[in-house]
Amino acid sequence: MSAIRILPDRVANQIAAGEVIERPVAVVKELVENSLDAGATSIEIEFRNGGKSYIRIADNGKGMDEDEALLSLERHATSKIRETADLNEIASFGFRGEALPSIASVSRFTLRTRTEACAHGTEININGGKLLNRKECGMPIGTMIEVAQLFNAVPARRKFLKTDPTETAHITYTSRLFAVAHPKVAFRVIDSGRVVFQSPACSDLRDRISEIWGRQLADDLIPVDWTHPQKGFRLTGLTAKPGVGRSTRREVVTLVNCRPVDSRTLGFAVLDAYHGRIQKGRYPPAFLFLEIDPSEVDVNVHPAKREVRFRDDGSIRRFVIEAISEALNGSEAAKAASSQTTPAPSKRTTTSKAPESPKPTPEKLPNRPSNPPPASLLKPSLAVVDTPQKAAATERPPVAASQQKPSSQWKLLNLMRQRYALFESSKGLIILHIRHADQRVRFERIKAQFQVGSVPSQQLLIPEPLELEPLAAAALLQSLKLLNQQGFQIEEFGRNFFRIETVPTWLTIEQAEPFLRDFIDMLRQSRFSSGKDPMVWDAIARLAVNGSYQKDDHINELTVQELAEALLRCETPHTSPFGKPTFTETSWRDLDLKLGDVQS
């Protein structure tokens, strides 16, 4: 066994970099935190190739003189803490003094900085932890750091980095979090020479969210401002109106003393506050600032400072639920009062694309006509379709991919609780789960339409606006041609802004925007090889079944009978797309045995 020895500083820094600097976004995070601690009111973030080849962070903070600049590159050199007790009340973002030496040890590193008291700036160049030179330079007050060829000196770590688009997405998302956390600081983010977003200093959080995530999201938020009378906790920010949800947690943003954090306590408290107010499996957009005494929270439990630990999790959880619930109750009360004094606006209607189709009168456009269509078309079929032939097609039970399977001649006996249907067949009794059956029929019909590229569509009289944040807009643009071949007609209408002009007949107008947002989230999280991957349309069809039958739809007997016949023509009639049973069957013999009516 080799003798024990002290590691050289360069090796120790590279080991520390493995804990602190996991990927390019960690570099951005550490450097931006230093800029904020330096009092910067303007921060510019520039990167290329997902940050692998180049990162630059420039700020107008107070800067450093030459001695401070050199000292900042030593391990555990910090101005934020002096003794152990200071760890109990950390008020700054960076405090351990590991970031700069760790970054410099695994990259080509250039630091330029100048204070107001200095007539010139200081430039320091380091490569893989080795000091190359230091010299004077001309620059404005503040600090600028360049990080090139990240992890070139540690190839084992570099090969574990993800693709450029993935690393870019992480940097952009983290930059947006900092921009939301600090509305009074101007941010500018540049990716390979292209400005991803820029936002001047804002006095209002809603304006900052509108600039980064879009006006549509900002308009779906209500204010939160609640203080704990005894403990002094305060929760401020904006949270979703009742019923507004997203398919992922990416827009559930929680901040503790202006530090963006991942906290199970806060995350689950937000979801608990929306119990019964949002569809199951959805997440409410929220941008919430928790102000708490620094001694009540430990920000030093994770090497990259992503997580925090509260001294009293239970109190924090109850406080957050109470604060959000009060905001939601106030919103619902205001909405109820408004609905009593203001007539509800009429819903958008649709029109035919073909001139030979007669245009309906307004009174024929409500969501449920007197003779409802089959269950699998209850919600989406009520818009006017392209041609009379397509209209006729929507008024009969949809035929799934396989049509050759014979019907079992189920005979409807009764509807139960608008959820189940009891059938009789030659073999026994069948209980049909109406929603699960409708999901299976819709799923196979929509998937079959995607595969053949023939999807009936409906044109909107008034195009539906769709505003997205930059990364979501880029994802939609990549799939725009494919969507427009599958019953949609979506036009780009300005930067990060689109208009939905046509949607497939299986999608209602109200579902169009949520569906597209979920579709974009799915694309950004998936590993599909391309938009033409069959798995893409399988996943889209699963999204599409969200519009299937609900018990409030009050289905009639004729429609249930048609649904059962359509189900039996499906490729997989026994389960819904999510694996839940569509029906259960009891044979006559089993009933005879259970009731003691077996003849000897």
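The values are calculated or read from the model by the stated rules, or taken from the named source; none is laboratory data. It should be emphasised that the depicted structure is a prediction, and the values quoted were computed from it without experimental measurement. Don't worry about glycine lacking a Cβ; one is built from the backbone with ideal geometry, like all the others, and counts go over all protein chains shown. All accessible areas refer to the heavy atoms of the entire protein, side chains included, with ligands and DNA or RNA removed. Shrake-Rupley method; radii C 1.70, N 1.55, O 1.52, S 1.80 Å.
Annotations
- Among the residues listed as 264, 246, 250, the single one being farther than 21 Å from residue 309 by Cβ, out of contact with any Lys or Arg (no Cβ under 7 Å at 6 or more places or on another chain) and of a type in the set (Lys, Arg): 250
- Residue in the range 53-76 that is surrounded by the fewest Cβ atoms within 10 Å (Cβ to Cβ), counting only those that are in contact with a helix residue (DSSP H, G or I) (Cβ under 6 Å, 6 or more places away or on another chain) and assigned to a strand (DSSP E or B): 57
- Taking residues in the range 480-492 that are assigned to a loop (DSSP other than H, G, I, E, B), and partners anywhere that are hydroxyl-bearing (Ser, Thr, Tyr), the pairs with Cβ atoms closer than 6 Å and at least 6 places apart or on different chains are 487/457.
- Scanning the range 472-479 finds no residues that are among the hydroxyl-bearing types (Ser, Thr, Tyr) and open to solvent by 40 Å² or more (accessible area, probe 1.4 Å).
- Apart from one condition, residue 547 fits all of (1) modelled with pLDDT under 85; (2) open to solvent by 40 Å² or more (accessible area, probe 1.4 Å); the exception is (2).
- Here is the figure for the range 488-498: residues that are open to solvent by less than 10 Å² (accessible area, probe 1.4 Å) and at pLDDT below 85 total 0.
- In the range 310-317, the count of residues that are modelled with pLDDT of 80 or more, under 24 Å from the mean Cα position of the chain (by Cα) and part of a loop (DSSP other than H, G, I, E, B) is zero.
- Tabulated pairs, the range 288-304, first at pLDDT below 75, second among the small types (Gly, Ala, Ser), C-beta under 6 angstrom, 6+ apart or interchain: 304/26
- For beta carbons closer than 8 Å, sequence separation of 6+ or different chains, a first residue in the range 102-116 that is closer than 11 Å to residue 128 by Cβ and open to solvent by 10 Å² or more (accessible area, probe 1.4 Å) and a second that is modelled with pLDDT under 95 and in a loop (DSSP other than H, G, I, E, B), the qualifying pairs are 108/128; 108/149; 108/152.
- Of all residues making up the range 132-183, the number that are touching a residue at least 40 places away in the same chain (Cβ under 8 Å) and either farther than 18 Å from residue 44 by Cβ or in a strand (DSSP E or B) (or both): 25
- Of everything listed in (1) over 29 Å from residue 519 (Cβ atoms); (2) buried (at least 17 other Cβ atoms within 10 Å of the Cβ); (3) not charged (D, E, K, R), the single unmet condition for residue 227 is (2).
- Residue within the range 185-206 that is under 17 Å from the mean Cα position of the chain (by Cα) and either open to solvent by 10 Å² or more (accessible area, probe 1.4 Å) or without any contact (Cβ under 8 Å) to a residue 24 or more places away in the chain (or both) present: no
- Residues (acidic (Asp, Glu) and open to solvent by 80 Å² or more (accessible area, probe 1.4 Å)) located in the range 125-150: 136
- Scan of the range 21-52 for residues that are out of contact with any strand residue (DSSP E or B) (no Cβ under 7 Å at 6 or more places or on another chain), surrounded by 18 or more Cβ atoms within 10 Å (Cβ to Cβ) and closer than 14 Å to residue 163 by Cβ, ordered by number: 23, 25, 50, 51, 52
- Top-ranked residue in the range 160-184 [being buried (at least 20 other Cβ atoms within 10 Å of the Cβ) and polar (S, T, N, Q); ranked as nearest to residue 28 (Cα to Cα)]: 175
- If you go through the range 456-469 and keep only what is touching a residue at least 40 places away in the same chain (Cβ under 8 Å) and open to solvent by 20 Å² or more (accessible area, probe 1.4 Å), you end up with 456, 459, 461, 462, 464, 465, 467.
- Single residue of 492, 467 found to be of a type in the set (D, E, K, R) and in contact with a Lys or Arg (Cβ under 8 Å, 6 or more places away or on another chain): 467
- Meets criteria (under 30 Å from residue 496 (Cβ atoms) and in a strand (DSSP E or B)) for residue 189: yes
- Hey, residue 501 closer than 22 Å to residue 452 by Cβ, open to solvent by 10 Å² or more (accessible area, probe 1.4 Å), modelled with pLDDT of 85 or more and not β-branched (Val, Ile, Thr) or not: no
Quick grid of which residues meet (1) at pLDDT 90 or above; (2) farther than 30 Å from residue 298 by Cβ; (3) not basic (Lys, Arg):
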{"position": "95", "(1), (2), (3)": "no, no, yes"}
{"position": "105", "(1), (2), (3)": "no, no, yes"}
{"position": "135", "(1), (2), (3)": "yes, yes, no"}
{"position": "144", "(1), (2), (3)": "yes, yes, yes"}
{"position": "169", "(1), (2), (3)": "no, no, yes"}
{"position": "175", "(1), (2), (3)": "yes, no, yes"}
{"position": "198", "(1), (2), (3)": "no, yes, yes"}
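- Test set (1) surrounded by 15 or more Cβ atoms within 10 Å (Cβ to Cβ); (2) closer than 27 Å to residue 33 by Cβ; (3) out of contact with any Ser or Thr (no Cβ under 6 Å at 6 or more places or on another chain) - residue 218 fails condition number: (3)
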